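One structure below.
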Amino acid sequence: MSCTVPEKFLARIRREEPMSRHTSWHVGGPAEVFFTPEGRADLAAFLRGLPAEVPLFWLGLGSNLLVRDGGIRGVVISTQGTLDRLERRSETSVYGECGVACARIARQCIKWGLGPAAFFAGIPGTLGGALAMNAGAFGEETWRHVIEVETIDRRGREHRRPAAEYRVGYRQVDSPAPEEGFLAATLRFETGPAASETAVRELLERRRATQPIGEWSCGSVFTNPPGEHAARLIEASGLKGAAVGGASVSSKHANFIINDGTASANDIESLIRRVQETVERAHGLTLQPEVRIVGEAR
């Protein structure tokens, strides 16, 4: 049965949209319905007309996401290229909508003389995605700077929630209302000497020297176990270069899985399981995926 969407939006939706076009791994089956809102009012109107039983999935840049080959049933709402307002609200606070690229937050905060915000340059996604998983880089994390967030529910109603309502951990965020999607956040920084653009470039150069930047990957596949590094455990298990189909463990950084251009989502997921099983046998530790795996197998 075809997914039902509000009639007024029929001309603007895309059906059976390949998710391989919208993920950094360049794999994934089709979204049943793919919708990009023109703004908040447009998004609210769409949600109000969407039947409650239709599954809903929020998409940013798709940089920490594995969509299975069978695709995603229901509606995918993409915030890329929209909901991207970014402004300074006070001497120490910044307001950003969910579609703002994290790299843009870093650049703008440098111009405003606010920090520490340079770490956002190392997050290859949007603010909405960073909020959803407490993304971080260079020793900093998103939610350490959150004052409050704005969300929207399935009925198109907006809510404002203080950061204290969320339980936040390492690459994990538990929401008091899981059905709500992030619209925006107010972030707190400090005035004074901020990282220069040169310093940020140096940080990114160090990352490029040690990670397979530019290849098709999702970034780090696994979270680091307490007191350990996933990459070290994977390398020590002899898995660098291990491959399933067109997917392989990077020879440059063992916590990256690379798509050589021919991999399927199933290849990648199979390799993820192989890495987990091998590391558990070798070290007695179960690696937990940092990447979000969604959709249906083919």
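Just one of the numbered conditions (1) part of a helix (DSSP H, G or I); (2) within 20 Å of the chain's Cα centre (by Cα) is not true of PRO37; which one? Going through the list (1) part of a helix (DSSP H, G or I); (2) within 20 Å of the chain's Cα centre (by Cα), PRO37 breaks only (1). For the range 85-100, does any single residue satisfy the condition of being closer than 13 Å to THR36 by Cβ, part of a loop (DSSP other than H, G, I, E, B), in contact (Cβ under 8 Å) with a residue 40 or more places away in the chain and of a type in the set (S, T, N, Q)? Looking through the range 85-100, none of the residues is closer than 13 Å to THR36 by Cβ, part of a loop (DSSP other than H, G, I, E, B), in contact (Cβ under 8 Å) with a residue 40 or more places away in the chain and of a type in the set (S, T, N, Q).
Filtering the range 100-127 to residues that are buried (at least 22 other Cβ atoms within 10 Å of the Cβ), of a type in the set (A, V, I, L, M) and farther than 23 Å from THR151 by Cα leaves LEU114, ALA118, ALA121.
Does the range 226-240 hold any residues that are assigned to a loop (DSSP other than H, G, I, E, B) and closer than 23 Å to ASN134 by Cα, and which are they? PRO226, GLY227, GLU228, HIS229, listed by residue number.
Taken over the range 115-134, the criterion of being assigned to a strand (DSSP E or B) and either closer than 23 Å to PRO176 by Cβ or at pLDDT 90 or above (or both) is satisfied by THR126 alone.
Checked against (1) among the acidic types (Asp, Glu); (2) within 26 Å of HIS22 (Cα to Cα); (3) without any contact (Cβ under 8 Å) to a residue 40 or more places away in the chain, GLU202 passes all but condition (2). Applying the set (1) under 18 Å from the mean Cα position of the chain (by Cα); (2) farther than 29 Å from ARG40 by Cβ; (3) at pLDDT below 90 to ALA137 leaves exactly one unmet item: (2). ASN134 meets all of the listed conditions (1) touching a strand residue (DSSP E or B) at 6+ places or on another chain (Cβ under 8 Å); (2) farther than 18 Å from GLU197 by Cβ; (3) buried (at least 20 other Cβ atoms within 10 Å of the Cβ) but one, namely (3). Checked across the range 225-241, the condition of being touching a helix residue (DSSP H, G or I) at 6+ places or on another chain (Cβ under 8 Å), of a type in the set (A, V, I, L, M), over 22 Å from GLN172 (Cβ atoms) and touching a residue at least 60 places away in the same chain (Cβ under 8 Å) holds for no residue.
Scoring SER175 on the criteria (1) modelled with pLDDT under 95; (2) out of contact with any Cys (no Cβ under 8 Å at 6 or more places or on another chain) leaves a single failure, condition (1). Kindly evaluate LEU43 against the criterion of being part of a helix (DSSP H, G or I), modelled with pLDDT of 95 or more, buried (at least 18 other Cβ atoms within 10 Å of the Cβ) and not hydroxyl-bearing (Ser, Thr, Tyr). Yes.
In contact with a helix residue (DSSP H, G or I) (Cβ under 6 Å, 6 or more places away or on another chain), in contact (Cβ under 8 Å) with a residue 12 or more places away in the chain and farther than 22 Å from GLU158 by Cβ - does that describe any residue in the range 31-53? Yes, the range 31-53 contains a residue that is in contact with a helix residue (DSSP H, G or I) (Cβ under 6 Å, 6 or more places away or on another chain), in contact (Cβ under 8 Å) with a residue 12 or more places away in the chain and farther than 22 Å from GLU158 by Cβ.
Which of (1) touching a Ser or Thr at 6+ places or on another chain (Cβ under 6 Å); (2) free of Cβ contacts under 8 Å to residues at least 12 places away in the same chain is the odd one out, the single condition ILE258 does not satisfy? Against the list (1) touching a Ser or Thr at 6+ places or on another chain (Cβ under 6 Å); (2) free of Cβ contacts under 8 Å to residues at least 12 places away in the same chain, ILE258 comes up short only on (2).
The values are calculated or read from the model by the stated rules, or taken from the named source; none is laboratory data. As the structure is a computational prediction, the values presented were derived from the model and not from experiment. Cβ atoms come from the backbone with ideal geometry, glycine included; neighbour counts cover every protein chain shown.
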